[in-house]
1. Does PHE349 satisfy the criteria of being at pLDDT 85 or above, open to solvent by less than 10 Å² (accessible area, probe 1.4 Å) and under 17 Å from ASN239 (Cβ atoms)?
2. Only residues that are more than 10 Å from ligand 2 (Cβ to nearest atom), within 29 Å of ASN196 (Cβ to Cβ) and among the hydrophobic types (A, V, I, L, M, F, W, C): list them for the stretch 12-47, please.
3. From the list VAL314, VAL296, which residue is open to solvent by less than 60 Å² (accessible area, probe 1.4 Å) and under 21 Å from PHE241 (Cα atoms)?
4. Grab the strands (runs of 3 or more DSSP E) fully contained in the stretch 20-82, keeping just those with 3 or more residues being assigned by TED's automatic domain parsing to the domain that holds TYR99 and closer than 14 Å to VAL8 by Cα.
5. Please verify whether GLU7 is open to solvent by 10 Å² or more (accessible area, probe 1.4 Å), away from ligand 2 (no atom under 16 Å from the Cβ) and either outside any loop (DSSP other than H, G, I, E, B) or assigned by TED's automatic domain parsing to the domain that holds VAL180 (or both), treating the condition exactly as stated.
6. Can you report the number of residues in the stretch 1-26 which are of a type in the set (Phe, Trp, Tyr) and either under 22 Å from THR218 (Cα atoms) or in contact with a Pro (Cβ under 6 Å, 6 or more places away or on another chain) (or both)?
7. What number of residues within the stretch 10-46 satisfy the criterion of being open to solvent by 10 Å² or more (accessible area, probe 1.4 Å) and β-branched (Val, Ile, Thr)?
8. Just to be sure, is VAL180 within 19 Å of ILE35 (Cβ to Cβ), aliphatic (A, V, I, L, M) and either part of a loop (DSSP other than H, G, I, E, B) or out of contact with any His (no Cβ under 9 Å at 6 or more places or on another chain) (or both)?
Amino acid sequence: MMCMFLEVRNLSVDLGQFHLDNVSLNLEKNDYLVIIGPTGSGKSVLLETIAGFFSPDDGQIFLEGNEITNLTPENRGISIVYQDYVLFPHMNVFDNIAYGLKKKTNDKDIIESKVKNIAKLLKIDHLLHRNPETLSGGEKQRAAIARSLIVEPKILLMDEPFAALDVNTHSYLTSLIKNVIIQHQTTCIHVSHNFNDVYNLAEHVAVMKDGKILQQGTLHDVFSRPSHNYVADFVGVHNVFQGKIVAHDKSLLKIEISPELIIFSSDDFVHESKEVMVAIRPESIIFSNERFVSSVRNQLKGVVKNMFEVGHTVWIEVQVKDVMFKGVLTPNSCQSLEIKKEKEIYLSFKSLNVNLMDCYE
Ligand SMILES: Nc1ncnc2c1ncn2[C@@H]1O[C@H](COP(=O)(O)OP(=O)(O)OP(=O)(O)O)[C@@H](O)[C@H]1O
Ligand SMILES: [Mg+2]
């Protein structure tokens, strides 16, 4: 029988007021699992239990078919990267990265070439002589990732690794890490609050709440077929369409989401087939009464079909050809645009905000 690369079986951890409750997870080699869920749902506790910092009251963990439930953290072959870059302050970047490797080998040439290689991949090879306190947040985090990867862990765990970084650094690191992970063939579990991480990195997604995993599956499963209304709510499933890439010009993809409806995406999607899933979050759609001149690639004319208030926002459904888009507005902008049912309106959204996902059907 083929065994899973990582199997977490019916894991329970009792922390007094909080319980990790009968959690099961399966990961194949080279998989990239992103765990999402509200604050306090147990994402970090789960990662730290897999890493060996909490001992389970019940359940087992298997790695490559071997039980590791009671092994010490350093004997599991698992590395963990945290949100706050924990580098050793008294060592320069080179020695920080080399730290774990030095426990495995004394060969200076091997150490030097491996450190240089990984530093180059993470584009920090010019910083190796620097002390950690002189680095920017993004540079520190790249050094922390390099330090974790250099020992070639069987699994890399990352607990909100980019959360403390600004948006630009975040997206730069996302694409960088994707590359490094692919080149190193590393199996990853990544906890994140950021849906762009999910769209850009995840092959599989798990949604946690109250110490339980509510759903795990492919990105497509979780986002378009949520098994639980909490999951649907949490992932904000709206504007998920099946589409077909009909043309691409450098970074711009032309996607047909219905026979008469073409939209543009600049997602750096490495597609093997032309069939894709398209996701546009409602917040990224801008509404206007007139067509306007801008660099926004997608401007569509539609008709308001429905509107309803949710808390301090107004949701509207706009039909464009035979496709229904959902958007969200403040009551103020709803008023100033004089939005009402059957009114014609323009929708604009950037090609950057058209996220593409693999089609699993
Ligand atoms: N060592 C501990 N002892 C007791 N309770 C703990 C311990 N560590 C975490 N908890 C509790 O377990 C619960 C889950 O915490 P956890 O840090 O896993 O949440 P999280 O999903 O990672 O949240 P966030 O998104 O805010 O990081 C919380 O209620 C927390 O207070
Ligand atoms: Mg956490």
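1. Details: at pLDDT 85 or above: yes; open to solvent by less than 10 Å² (accessible area, probe 1.4 Å): yes; under 17 Å from ASN239 (Cβ atoms): yes.
For PHE349, the condition - at pLDDT 85 or above, open to solvent by less than 10 Å² (accessible area, probe 1.4 Å) and under 17 Å from ASN239 (Cβ atoms) - is met.
2. Once the filter is applied, which keeps residues that are more than 10 Å from ligand 2 (Cβ to nearest atom), within 29 Å of ASN196 (Cβ to Cβ) and among the hydrophobic types (A, V, I, L, M, F, W, C), the stretch 12-47 yields PHE18, LEU20, VAL23, LEU25, LEU27, LEU33, VAL34, ILE36.
3. Working: VAL314 fails: under 21 Å from PHE241 (Cα atoms).
VAL296 is the lone residue from the list that is open to solvent by less than 60 Å² (accessible area, probe 1.4 Å) and under 21 Å from PHE241 (Cα atoms).
4. Numbers: elements: 32-36, 58-63, 78-81.
Result: 58-63.
5. Working: open to solvent by 10 Å² or more (accessible area, probe 1.4 Å): yes; away from ligand 2 (no atom under 16 Å from the Cβ): yes; either outside any loop (DSSP other than H, G, I, E, B) or assigned by TED's automatic domain parsing to the domain that holds VAL180 (or both): yes.
Judged against the criteria, GLU7 is a match.
6. Step one: filter the stretch 1-26 for residues of a type in the set (Phe, Trp, Tyr), giving 5, 18.
Among the residues that remain, those that are also either under 22 Å from THR218 (Cα atoms) or in contact with a Pro (Cβ under 6 Å, 6 or more places away or on another chain) (or both) are: 5.
Here the count works out to 1.
7. Of the residues in that region, 2 qualify.
8. Details: within 19 Å of ILE35 (Cβ to Cβ): no; aliphatic (A, V, I, L, M): yes; either part of a loop (DSSP other than H, G, I, E, B) or out of contact with any His (no Cβ under 9 Å at 6 or more places or on another chain) (or both): yes.
When the stated conditions are applied, VAL180 does not pass them.
The values are calculated or read from the model by the stated rules, or taken from the named source; none is laboratory data. Values in this document were obtained by computation on a predicted structure and should not be read as measured data. We place every Cβ from the backbone using ideal geometry, glycine too, and count neighbours over all the protein chains shown. What goes into the accessible areas is simple: the full protein's heavy atoms, side chains included, and nothing from ligands, DNA or RNA. Shrake-Rupley method; radii C 1.70, N 1.55, O 1.52, S 1.80 Å.
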